[in-house]
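Since the structure comes first, as structure tokens, the remarks are kept for the end.
The values are calculated or read from the model by the stated rules, or taken from the named source; none is laboratory data. Not measured: the values here are computed from a predicted model. A quick note on method: Cβ atoms are made from the backbone with ideal geometry, for glycine too, and the neighbour counts reach across all protein chains shown. Each accessible area value is taken on the protein alone, full model and side chains, heavy atoms only, with ligands, DNA and RNA left out. Shrake-Rupley method; radii C 1.70, N 1.55, O 1.52, S 1.80 Å.
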Amino acid sequence: MIVVVGGGVVGLFAAYYLKREGVDVALVEARDIAHSSRAAAGVLEFTKFELNRINVGGYASRYLKMIRSGKAALRRIDPLWLLTYLKMYGRDPGADVWAFMSEMAQFSKREYFRLAEESNDFELREEPVYEVVDEVEKEVDSLRRDPLRPRFEVGELDGRRVIVYLDAVVVSTDLLADRLVRELSGVKIIKKRAAELEDKHLVLEDGERLAVDGVVFASGWWCRRMGVPVAPLKGYGVRAAAAQKPGKTIADFVGGVFVVPFSRWVKITGRFDVDPYPDLKYLDKVLEAARRWVPSFEVFDTAVGYRPCTPDGLPILERRGDAVIATGTCRLGWTYGPAMGKLAAELALGRRGDTPLTTRRFR
Ligand SMILES: Cc1cc2nc3c(=O)[nH]c(=O)nc-3n(C[C@H](O)[C@H](O)[C@H](O)COP(=O)(O)OP(=O)(O)OC[C@H]3O[C@@H](n4cnc5c(N)ncnc54)[C@H](O)[C@@H]3O)c2cc1C
């Protein structure tokens, strides 16, 4: 049996592909399925990576500026992560890694369209995203530097020049998480916390021991317990009922909020805090910013999400003995979810060699 630890988007897709291979698979999730992943806006950016690259030159000072203006908070940082970040600062992983990321993105896109063709019960739609930014020209430069070559144009929204990102696909992460759970019918889902992998057994927190052939650790930023440099970049995702929804998907980087309309609700997301605590301390700021785009709404569901971020913003996909580690997608976990799950499944089954995304790059 192969056990997947973590029922976020990466773990759900890993279990999905293992099931499709006819493998005996179980999913272990300490809390509710996708409690953290559900917070996401659901904007899939298959050709845009620049925002994830938290180690490009100049990023640290931009982030400090965000902290000073109250748009981000740094509440607790792991010293080992910080040291690795300083070491990786300004490093570009090279063309082969970007080619690999681009293949992962295109695989994920194909898979989302295949799932939607079977049944579009997660409101997938291809549409431009309107990005409100501080300085349009600077953003244009940054998009031109993006190794994944996004298609975009400069447009207008609410009387303001904005970036219109043309390659976006939007999905409801709430509905997609539910769909993936339905796809996993027959897979044993165990609501417990995994403690350790010991001698071909996954030991759960209550002492239960599961005999395993392999384990996929898709446990988000909690993978740090395995010595993996990954930090929790916390944000909130709320679903709100609104009589008048915006007609577009808006990524307002000035206000610090994404507003995405769906048929039954508006998804409002925001914050990028280095923060492992589960409270709602900065939620009001996000809701306040959203009022610019949806003047009146009523929140009926709030999720706290932790983007698992590595010091270079690239994911980790690595086999260590009987374990596979699949984490580190940062802002783009839904965008890369299918590819992360598929590669983790292949690594667990011994059907492929190492990826260029191992932790060896941090040494
Ligand atoms: C506000 C916000 C907006 C976002 N918007 C987007 C977006 O528009 N597009 C996009 O592509 N991405 C977006 N993201 C990023 C995306 O949500 C994340 O990259 C993704 O959720 C990471 O998924 P994961 O499965 O790796 O980790 P997680 O979702 O963190 O899942 C890990 C799971 O493992 C479980 N777990 C941990 N340890 C154990 C253990 N020992 N035993 C059992 N279970 C355990 C946890 O409870 C958790 O459920 C957003 C994130 C946030 C917070």
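Remark: relative contact order (region 1-84) = 22 percent; criterion is Cα-Cα distance under 8 angstrom and separation of 6 or more residues. Among the cysteines of the chain, those whose beta-carbon sits 4.7 Å or more from every other cysteine beta-carbon are CYS223.
In the chain, a dipole from Cβ-located charges (positive for Lys and Arg, negative for Asp and Glu) runs towards its positive end, and of GLY350, ILE325, PHE362 it is PHE362 whose Cα lies farthest in that direction. With helices as the sole contributors, the chain gives -9000 deg cm²/dmol at 222 nm; each DSSP H run of n ≥ 4 counts as -39500 (n - 2.57), and the sum is divided by every residue.
Run the accessible area of region 2-362 with a 1.4 Å probe and give the carbon-and-sulfur part as a rounded percent. C and S atoms contribute 49 percent here. Applying a threshold of 27 Å to the alpha-carbon distances of LYS48/LYS188; LYS48/LYS248; LYS48/LYS87; LYS188/LYS267; LYS19/LYS192 flags LYS48/LYS188; LYS188/LYS267 as lying beyond it. In region 2-362, the DSSP beta bridges split such that about 70 percent are antiparallel, to the nearest 5. A simple count of charges around TRP293, restricted to other residues whose Cβ falls under 11 Å of its Cβ and scoring Lys, Arg +1 and Asp, Glu -1, yields +2. Entry for the chain at q = 0.13, 0.14, 0.15 Å⁻¹: log10 I(q)/I(0) = -1.03, -1.21, -1.40, Debye formula applied to identical alpha-carbon scatterers, no solvent contribution.
Shape class for region 1-50, computed from the alpha carbon gyration tensor (a ≥ b ≥ c): oblate, with a/c not under 1.5 and a/b at or below b/c.
Summary of packing: across the peptides 20-29, 294-303, 333-342, the per-residue average of other C-beta atoms within 10 Å ranks them, highest first, as 333-342, 20-29, 294-303.
Once phi is turned into θ = phi - 60°, what whole-Hz ³J(HN,Hα) does the Karplus curve with 6.51, -1.76 and 1.60 give for every residue of region 122-128, x standing for Gly and Pro? So the J values, rounded to whole Hz, are 10, 6, 5, 8, 9, 7, x. For the chain, a crude dipole built from +1 on the beta carbon of Lys and Arg and -1 on the beta carbon of Asp and Glu, taken about the Cα centre, is about 660 debye to the nearest 20. Scoring 255-263, 114-122 by mean Cβ neighbours within 10 Å over their residues and listing the highest first yields 255-263, 114-122. For region 115-162, what does the alpha-carbon gyration tensor say about shape, rounded, prolate or oblate, given a ≥ b ≥ c as the root eigenvalues, a/c under 1.5 as rounded, and a/b over b/c as prolate? Oblate, since a/c reaches 1.5 and b/c is not below a/b. Residues in the chain average 42 Å² of solvent-accessible surface per residue, probe 1.4 Å, ligands and nucleic acids excluded. All distinct Cα pairs of region 140-213 go into the 1/r average, and the inverse of that average, the Kirkwood radius, is 17.5 Å. For the chain, relative contact order (Cα pairs under 8 Å, six or more residues apart, normalised by length) works out to 28 percent. Among the helices of the chain, those built from whole DSSP H runs whose Cα atoms reach 20 Å or more along their own axis and whose mean Kyte-Doolittle hydropathy is at least -0.5 are 95-118, 333-348. The figure for LYS109 is an accessible area of roughly 50 square angstrom, using a 1.4 Å probe on the protein chains alone. Charged neighbours of ALA345, selected by a Cβ distance under 10 Å, balance to +3 (K, R count +1; D, E count -1). Each of PHE217, VAL136, LEU180 was scored by the projection of its Cα onto the charge dipole of region 115-234, and the greatest displacement toward the positive side belongs to PHE217; charges sit on the C-beta of Lys, Arg, Asp and Glu.
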